[in-house]
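As C-alpha cells, the structure follows; a few thoughts come after it.
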Amino acid sequence: MLIDGFENDPLVPGDELLALPGFWAAYLLWLCQTEEDDPDPEWFGVDEADTDAAYEALSDEERWPVFRIPFGGGHTAVVLGRNLADDAGTEYFISHPEWDRHGHLATVDGHQAGPGLSWPELTHIANTTDPDSPGVHAPHARLLLLLPALGDADLPDEAAGLLGSALTQAGVGADEVPRLAQALLMDHPLWEPAAWVTPAVSPLSGSRAHFPGILHCDEPGSPRCGIHLAQGITRDQSDRLARALGTWPAT
C-alpha cells in the first residue's frame, strides 16, 4: 500500500482489525471524557485483554494500519496509524487521485493538530460512501473512525443519539450507549471545540482569496484555520470537494 508522504513506511490495510472484539475500546477509550468515572473497556462491552490485543495490533511498528473511507467524487478520508517507536500518532487526511498531495485534517499525538472536521462534514462523509472504491463502507464504522478528528462548538441536539446508534451497531450494549456517547462528545482532550464558517474573501491587497464552499475553523491549532484544506488544488477541484463534504448540494 502506497500513500503520498509515507512511501517508505510499512503500511497495510487496517480493515480486518475492525473485527477484533476490543478494537473500538482500543481506538476510542482515550477520547472518552467524564466528570466522575474513569473510562473503562467494559463500557464497550469488552475486557482489558481484548482491548490490549487490539491496541497491540493498532500500534504494531512493523504494520501501520490504514483505514480508507471513500466518499463522494472519488475523494477518500484516510486514517493512518503512524507507528514510529519514538513518535507514534494517528494521521487524518483527505486524498484524491487528481491531487498532488493530500489535505491535512488532523493529527493525534504529542504534537497534535486539530480539529479537522465539523459535525456536518463528519456525518456527511460517514453516510455518503462510494461502493465502487475499496475501504470501509459501513456508516457506523466510518463515523467512529473519523470521530477523533471532530471538534465542533455547535453540535446539534441529535448528535448524541446519532453517535449512540453508531455505537449500538458497533456492538456496544444498550445500557452503556448513553454514557459512552456523552463521554465521547464531551470536550476533546487535545483541542477546544471550534466554530466552522464559510470564509469571506480576504480584504488584504494582493492576497489570494479562498475558494468558496469549504468551511474554515477558528481554532488556531487546526490545519484548517485560515488555510486551504487541500493545497494546490484548482477551483474546479475545490468545488467538487465542497460538494463531497456536503457544504454544497450535489449537482
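The values are calculated or read from the model by the stated rules, or taken from the named source; none is laboratory data. Treat the numbers as computed from the prediction; the structure is a model and nothing was measured. No Cβ is skipped: glycine too gets one built from the backbone with ideal geometry, and neighbour counts run over all protein chains shown. The area values use the complete protein model at the heavy-atom level, side chains included, leaving out ligands, DNA and RNA. Shrake-Rupley method; radii C 1.70, N 1.55, O 1.52, S 1.80 Å.
Computed quantities for the displayed model
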| item | result |
| --- | --- |
| Hey, D4 assigned to a loop (DSSP other than H, G, I, E, B), among the acidic types (D, E) and surrounded by fewer than 17 Cβ atoms within 10 Å (Cβ to Cβ) or not | yes |
| Within region 13-48, considering residues that are over 18 Å from the mean Cα position of the chain (by Cα) and more than 22 Å from R179 (Cβ to Cβ), the one surrounded by the fewest Cβ atoms within 10 Å (Cβ to Cβ) | A19 |
| Region 18-34, residues that are touching an Asp or Glu at 6+ places or on another chain (Cβ under 7 Å) and under 15 Å from T168 (Cα atoms) | P21, G22 |
| Those residues of region 83-98 which are touching a residue at least 60 places away in the same chain (Cβ under 8 Å) and surrounded by fewer than 21 Cβ atoms within 10 Å (Cβ to Cβ), in sequence order | S95, H96, E98 |
| Only listed residue being within 10 Å of the chain's Cα centre (by Cα) and over 14 Å from H216 (Cα atoms), chosen from R142, R101 | R142 |
| Output for region 42-81, where each listed residue is touching a residue at least 60 places away in the same chain (Cβ under 8 Å) and basic (K, R) | R68 |
| Top-ranked residue in region 148-175 [being in contact with a strand residue (DSSP E or B) (Cβ under 9 Å, 6 or more places away or on another chain) and part of a helix (DSSP H, G or I); ranked as nearest to W30 (Cα to Cα)] | P148 |
| Search result, residues across region 99-133 that are at pLDDT below 95 and open to solvent by 80 Å² or more (accessible area, probe 1.4 Å) | D100, R101, H111, P131, D132 |
| A54 being open to solvent by less than 10 Å² (accessible area, probe 1.4 Å), in a helix (DSSP H, G or I) and modelled with pLDDT of 95 or more | yes |
| Test set (1) touching a strand residue (DSSP E or B) at 6+ places or on another chain (Cβ under 8 Å); (2) more than 18 Å from G135 (Cβ to Cβ); (3) of a type in the set (G, A, S) - G14 fails condition number | (2) |
| Pairs where the first residue, in region 189-213, is on the phi < 0 side of the Ramachandran plot and at pLDDT below 95 and the second is open to solvent by 50 Å² or more (accessible area, probe 1.4 Å) and part of a strand (DSSP E or B), C-beta under 8 Å, 6+ apart | none |
| Failed item, numbered, when A19 is tested on (1) at negative phi; (2) modelled with pLDDT under 95 | (2) |
| Residue tally, condition closer than 26 Å to D87 by Cα and without any contact (Cβ under 8 Å) to a residue 60 or more places away in the chain, over region 14-37 | 8 |
